[in-house]
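Before any comments, here is the structure.
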Amino acid sequence: EAQAKVGARPLRDAYETLLKLLHPFAPHITEELWRALGHDGSLLRAGWPAYDAALLAAQRVTLAVQVNGKVRATVEAEPGLAAEAAAAAAREAVARWLEGKEIVKVIHVPDRMVSFVVKG
């Protein structure tokens, strides 16, 4: 029963947020449902839901790895990874296309791509 109570609170919060978001489109039914949840005041006075920026932040990003403009691999990495670390991880993923070739330039677009320009 304790586990059911713990699981019910996030569900109730999600339901209340949904009602707040739907209220401009269906005010009559959302007011009724708001009262059915046990609230005394109007849903109109409840305020717009706030968001948590930490929940929006990506935990992992996928970097495209290119060799001479062609995507050869993808690499999972931490967001905000330094250019050198991203290039090292990408180099491992495309080692067979870099083998025996001279790397002329490494282009790093943060959280998006690593591109190797090679000669030879």
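The residue of region 48-105 that is modelled with the lowest pLDDT, among those that are surrounded by 16 or more Cβ atoms within 10 Å (Cβ to Cβ) and β-branched (Val, Ile, Thr), is VAL61.
State whether one or more residues within region 14-33 are in contact with a Phe, Trp or Tyr (Cβ under 6 Å, 6 or more places away or on another chain), without any contact (Cβ under 8 Å) to a residue 40 or more places away in the chain and surrounded by fewer than 16 Cβ atoms within 10 Å (Cβ to Cβ). Within region 14-33 (the criterion being in contact with a Phe, Trp or Tyr (Cβ under 6 Å, 6 or more places away or on another chain), without any contact (Cβ under 8 Å) to a residue 40 or more places away in the chain and surrounded by fewer than 16 Cβ atoms within 10 Å (Cβ to Cβ)), the answer is no, since none of the residues qualifies. When GLY69 is tested against (1) farther than 30 Å from ARG12 by Cα; (2) in contact with a strand residue (DSSP E or B) (Cβ under 6 Å, 6 or more places away or on another chain), exactly one condition is not met: (2).
Residues of region 68-120 that are in contact with a Phe, Trp or Tyr (Cβ under 8 Å, 6 or more places away or on another chain) and basic (Lys, Arg): ARG72, ARG91, LYS105.
Checking GLY100, GLY41, GLY80, GLY47 one by one, the residue that is farther than 19 Å from THR17 by Cβ, in a loop (DSSP other than H, G, I, E, B) and over 21 Å from the mean Cα position of the chain (by Cα) is GLY100 and no other. Per the conditions (1) among the aliphatic types (A, V, I, L, M); (2) assigned to a helix (DSSP H, G or I); (3) under 27 Å from the mean Cα position of the chain (by Cα), the sole criterion not satisfied by ALA64 is (2).
The values are calculated or read from the model by the stated rules, or taken from the named source; none is laboratory data. Predicted model, so just to flag it, every value in this text is computed and none were measured. Note: ideal-geometry Cβ built from the backbone for every residue, glycine included; neighbour counts use all protein chains shown.
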